[in-house]
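Presented below is the structure to which this report refers.
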Amino acid sequence: MNILITGGAGFIGSNLCEYFLNKGNMVTCLDNFATGHRHNIEHLLENNNFTLLEGDIRNIDDCLKATNNIDYVLHQAALGSVPRSINDPITTNDVNVSGFINMLIASRDNGIKRFVYAASSSTYGDSESLPKVEDIIGKPLSPYAVTKYINELYADVFSKTYGIETIGLRYFNVFGRKQDPNGAYAAVIPKFVMQFMKKESPIINGDGNFSRDFTYIDNVIQMNELAITTQNKDALNTVYNTAFGDRTTLNDMVFYLKKYLSEFDSSIANVDVIYGPNRAGDIPHSLASIEKAKKSLNYAPRYSFQEGLKEAVTWYWENLK
């Protein structure tokens, strides 16, 4: 297959690049390196089946160039982070909405076979029902959540209007190797790992009882592969929760982080956490139903939260210590 991965130098994108290259596919990575990193894909550059295009999804010409002679698009490029979107809603909208439409138009014009895109669990918004089922959502709680819901609406319209095959994957708190621990908008797991390794006390927003369906990167890779290979026509032009289907409180997450890190350095067990105020735009609890993905895509996640966390902690210790 000839696969374009937008945001291919980012955390999820670079893992997808590596995986599909190793399976013998032709892979093109489009990235503007706003949040992605060259070191994530440096080792892939010597592979003749890998092409790096430095460009921006906000530029339609870059999108048209990137989708030329491509079979499948895995659209990962986006500006993530709820707090970032609250601080700068305009840029978040430009990238996540305008950039998304550019990619849909380029995919349409270049005859892409299927467009698989990163959707988000933030779309569930203020819906209090648990577990989260794909067709029951609430109102978005942040500009980021608005943009990711708009993506789903545009994908649906493009499927119906232009006949493009689309699948949206609503990611739930993905974590794992290559996730950036640095920067103001770093995700909680890599950020806390780095702080514990430095013997610094991480700050939990709230009392630590908020819960998340933390999802290991290899489960997400499996979902992307299923989405571009499924022959089930009834599985197309819809969205799927991409998660493990279990939830972990932030307090429990810290417990396991300290447990696994203490195997490398026992003194980490004595590092305390600090509790701060709740964060604006945060959803209290997140738990996915993965029944739809199991039924339509034969999804069978291999890594539980604890299994994935142990792998991730080992990777961080070996690569970032």
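From the list ILE167, ILE204, pick out the single residue that is open to solvent by less than 40 Å² (accessible area, probe 1.4 Å), closer than 20 Å to ALA243 by Cα and in contact (Cβ under 8 Å) with a residue 12 or more places away in the chain. So that I can check it myself, show each step before the final result.
Numbers: ILE204 fails: closer than 20 Å to ALA243 by Cα.
After applying the criteria, what remains is ILE167.
Can you tell which of LYS178, LYS113 is within 29 Å of ASP62 (Cα to Cα), of a type outside the set (A, V, I, L, M), crowded, with 17+ Cβ neighbours inside 10 Å and touching a residue at least 12 places away in the same chain (Cβ under 8 Å)?
Working: LYS113 fails: crowded, with 17+ Cβ neighbours inside 10 Å.
Sole residue among the options that is within 29 Å of ASP62 (Cα to Cα), of a type outside the set (A, V, I, L, M), crowded, with 17+ Cβ neighbours inside 10 Å and touching a residue at least 12 places away in the same chain (Cβ under 8 Å): LYS178.
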Original post:
Quick check: is even one residue across region 94-110 free of Cβ contacts under 8 Å to residues at least 40 places away in the same chain and open to solvent by 40 Å² or more (accessible area, probe 1.4 Å)?
Top reply: yes
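State whether one or more residues within region 294-315 are among the hydroxyl-bearing types (Ser, Thr, Tyr) and touching a Pro at 6+ places or on another chain (Cβ under 9 Å).
First, the residues of region 294-315 that are among the hydroxyl-bearing types (Ser, Thr, Tyr): 296, 299, 303-304, 314.
Still in the running and touching a Pro at 6+ places or on another chain (Cβ under 9 Å): none.
Among the residues of region 294-315, not one is among the hydroxyl-bearing types (Ser, Thr, Tyr) and touching a Pro at 6+ places or on another chain (Cβ under 9 Å), which makes the answer no.
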Original post:
In region 155-164, which residues are surrounded by fewer than 18 Cβ atoms within 10 Å (Cβ to Cβ) and among the hydroxyl-bearing types (Ser, Thr, Tyr)?
Top reply: THR161, TYR162
Subject >> Within region 71-116, considering residues that are acidic (Asp, Glu) and outside any helix (DSSP H, G or I), the one nearest to the chain's Cα centre (by Cα) >> reply: ASP88
Original post:
Are any residues in region 289-305 part of a helix (DSSP H, G or I) and open to solvent by 80 Å² or more (accessible area, probe 1.4 Å), and if so, which ones?
Top reply: GLU291, LYS294, LYS295
Original post:
For region 126-145, what are the residues that are buried (at least 17 other Cβ atoms within 10 Å of the Cβ) and in contact (Cβ under 8 Å) with a residue 40 or more places away in the chain?
Top reply: PRO131, LYS132, GLU134, LEU141, SER142, PRO143, TYR144, ALA145
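The values are calculated or read from the model by the stated rules, or taken from the named source; none is laboratory data. If you're wondering where the values come from, they're calculated on a predicted model, not measured in any experiment. Quick reminder, even Gly has a Cβ in these numbers, built from the backbone with ideal geometry, and neighbours come from all protein chains shown. Calculation scope for accessible area: heavy atoms of the full protein, side chains included, ligands and nucleic acids excluded. Shrake-Rupley method; radii C 1.70, N 1.55, O 1.52, S 1.80 Å.
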